[in-house]
Amino acid sequence: MEHAFVLPNSGHNWDAKSSKMGMWLFLFTELLLFGGLFLVYMVYRALNPDAFLIASFELNVYMGTVNTLVLLTSSMTIAMAITALQKGNVKLAITLSWLTILAAIAFLVIKYFEWGSKFEHGLFPGMDHYDSLPLGERLYFYLYFFMTGLHALHVIVGGIFIGVVIYFMRTGHVNKDKISLLENSGLYWHLVDLIWIYLFPLFYLIH
Amino acid sequence: MDHKEKNTEQLQEQEHISSYKEHFGTWAALILLTLMTVFVSAFGADLSTLTVATAMLIATVKALAVALYFMHLKYEAKIYRAWLIVVMALFVFFLFMVILDYLTR
């Protein structure tokens, strides 16, 4: 008996299209995760407009602005890394990916100093100063730490993801004809940027 | 073999390579919009509701620029934009339900 049937993907289980679609579907769930948090923010800010305004003065607008510029720049470098790899310039793609990771680290260092000064002022939920604040301001800081914390976690994950892709670009598993993994890490990184685009004005620029 | 050839053909068809220049232009626009939001909030302190609306409008323009150019959405198949619209519609639905809930308490 002869078996004429051959699976269409015999020999390689790689499918660029579905890989990208899967990534986008995952990003949509991430959007709704943060979307829910933005709704919580909206309700509590509508109920405590003055408290949110007063509490927001504790944040450093300069640090927030610099962090925004850092993230936007890193989004450009990872987008350019994809262009470089598509054109076959692996070296440049790796360099641009490293620049993106560097920006991720810079973002986290700035965030560390920002959070550090809040801790010094006892503004983390559970600390003495935090407990003595009126309810509206407590809600602001609770949401601030939760949302920027969850975002920072995404920055860390995105940085590690790009690091893994750099390793695969060096070994040649990710190359000109197989860019999916770099593309997906780029998409994830842009999502991190997208969320920050909304977090920044909502927490730092209240007036 | 036949399938493999077809596969690469399709890939070459769908793949769009964005230029470095395009990415740089998108970045410049994003930086400009960021500085704009900061200035609006710094100097427009009297127009409280207007500044929130302006900030959200600018943020949405920025988000669209990131999605369309950095995330290549402009060059993807239509299904991706359709999905995005469905997800956004779902979010707007949640938004209205929450607003309705709080206004009718």
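Flag not set for A:THR73, criterion: at the interface with chain B (Cβ under 10 Å from one of its Cβ atoms), closer than 24 Å to A:ILE110 by Cβ and touching a residue at least 40 places away in the same chain (Cβ under 8 Å).
When you look at A:LEU27, is it within 28 Å of B:ALA55 (Cα to Cα), without any contact (Cβ under 8 Å) to a residue 12 or more places away in the chain and part of a helix (DSSP H, G or I), yes or no? So A:LEU27 fails the test. Of all residues in region B:13-24, those being in contact (Cβ under 8 Å) with a residue 40 or more places away in the chain, more than 7 Å from chain A (Cβ to nearest Cβ) and in a helix (DSSP H, G or I) number 2. Just one residue in the set A:ILE206, A:ILE197, A:ILE179 is at the interface with chain B (Cβ under 9 Å from one of its Cβ atoms), more than 17 Å from A:THR68 (Cβ to Cβ), crowded, with 19+ Cβ neighbours inside 10 Å and out of contact with any strand residue (DSSP E or B) (no Cβ under 8 Å at 6 or more places or on another chain); that residue is A:ILE179. Selection of region A:58-94 for residues being more than 30 Å from A:LEU139 (Cβ to Cβ) and among the charged types (D, E, K, R) yields A:LYS87, A:LYS91.
Every number in this text was worked out from the coordinates using simple rules, so none of it is lab data. Please read all numbers here as calculations on a predicted model, not as lab measurements. Positions of Cβ are generated from backbone atoms using ideal geometry, with glycine treated the same way; all protein chains shown enter the neighbour counts.
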